[in-house]
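The values are calculated or read from the model by the stated rules, or taken from the named source; none is laboratory data. Computed from a predicted structure; not experimentally measured. Neighbour counts run over all protein chains shown; Cβ positions are idealised from the backbone, glycine included. Surface accessibility is based on the protein's heavy atoms, side chains included, excluding ligands, DNA and RNA. Shrake-Rupley method; radii C 1.70, N 1.55, O 1.52, S 1.80 Å.
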Amino acid sequence: MDNTIEVEGLVRDFGGTRAVDGVDLQVPSHQVLGLLGPNGAGKTTVVRMLATLLAPTAGTARVGGFDVAREAARVREIIGLTGQYASVDEKLTGRENLILIGRLLGLKRRDARARADALLEDFDLLDAGSRPAQTYSGGMRRRLDLAASLVGRPRILFLDEPSTGLDPRARRDLWERVRQLQADGTTVLLTTQYLEEADALADAIVVLDQGRVIAEGTAAELKARVGGRSLFVRVSHVEQAPAAAEHVAAITDQPPQVEGEAISTPVRDPSILPAVLRALDAAGIEVAELGLRGASLDDVFLSLTGRSGVSRAEPGDQEDAA
């Protein structure tokens, strides 16, 4: 299978800071690659370089067969980009936004209108097409933003945390749109802060940390790296969670993830379960729930980086985008 995106030794410096440090990527045609990593990993910086919005400091990248540095104009002809924040004009109607983009891409007025109406229908926005975008809900704005990136019928689509801020129903609706785009032949590079999103959409996953690739493979392959099991503890009193986490860390030899009264960590040896229960009981920590579950992508992040993969923002990348 041919690679639509090929990256080798990609580097980007900002002053004295190296945001991306020798990244290699290959994205086969018609597949979805999930690009994941903790805060400041460099995900958005990679996307911006591939979309020709930032020049690489070193390394090479080819998108659709074109070099992003020497053939930037050709790259822009075949890509679409949906960033972390809506790029549409809130004062214009949904239809006006799409027509404007079509005209900027060189479509004749009649063709731009026809394309706008087709996309509004595809994204269930036809009834709202005559309303200003500022009246749209969060989910509707993201659908309009995705539609805007498709006006030029791109072969390759970059989705940089496309479902940020969406409620679960709107997020799953967006997932269905992405699956349909892939089925229609679009190659997608997806960055996301929602690990279940990558699990649901990505054919393969690349994990970044501190600007470097630290793991890659399918979701199943990455989960297998942490032994396929995760220890889960829920204490009855949230104030006991930090102490419980210390006992879990001492037994599993790695820092667990703590969210409220819930503690979890990947484990390779399920037989430690009784030892954890005995330690917590001896410490006077009341346990409401204790068990094993299948490893998740968040467990992969925890195992690889010592941090949860879910984040609200990526400060380093936002600075890059400013």
Since Leu292 meets every condition but one in (1) assigned to a strand (DSSP E or B); (2) open to solvent by less than 10 Å² (accessible area, probe 1.4 Å); (3) modelled with pLDDT under 90, which condition does it not meet? (2)
Being of a type in the set (Gly, Ala, Ser) and free of Cβ contacts under 8 Å to residues at least 60 places away in the same chain, is that true of even one residue in the range 20-31? no
For the range 165-241, list the strands (runs of 3 or more DSSP E) that sit wholly inside it and hold at least 1 residues that are touching a Leu at 6+ places or on another chain (Cβ under 6 Å), open to solvent by 40 Å² or more (accessible area, probe 1.4 Å) and modelled with pLDDT of 90 or more; which are they? 212-217
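A quick yes/no check of all residues on (1) touching a Cys at 6+ places or on another chain (Cβ under 7 Å); (2) of a type in the set (Asp, Glu); (3) within 18 Å of Asp298 (Cα to Cα):
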{"position": "Gln182", "(1), (2), (3)": "no, no, no"}
{"position": "Glu196", "(1), (2), (3)": "no, yes, yes"}
{"position": "Leu208", "(1), (2), (3)": "no, no, yes"}
{"position": "Ala215", "(1), (2), (3)": "no, no, yes"}
{"position": "Leu231", "(1), (2), (3)": "no, no, yes"}
Any residue at all in the range 280-289 that is modelled with pLDDT of 85 or more, open to solvent by 20 Å² or more (accessible area, probe 1.4 Å), out of contact with any strand residue (DSSP E or B) (no Cβ under 6 Å at 6 or more places or on another chain) and closer than 26 Å to Gly165 by Cβ? no
First in the range 97-113 and open to solvent by 60 Å² or more (accessible area, probe 1.4 Å), second anywhere and of a type in the set (Val, Ile, Thr), Cβ under 6 Å, 6 or more apart: Arg113/Ile99
Only one residue in Pro162, Pro154 is more than 19 Å from Lys91 (Cβ to Cβ) and at pLDDT below 90, so which one is that? Pro162
Hey, can you tell me all the residues within the range 7-39 that are closer than 11 Å to Gly59 by Cα and open to solvent by 50 Å² or more (accessible area, probe 1.4 Å)? Glu8, Asp24
How many residues does the range 94-124 contain that are under 24 Å from Asp173 (Cβ atoms) and not in a helix (DSSP H, G or I)? 2
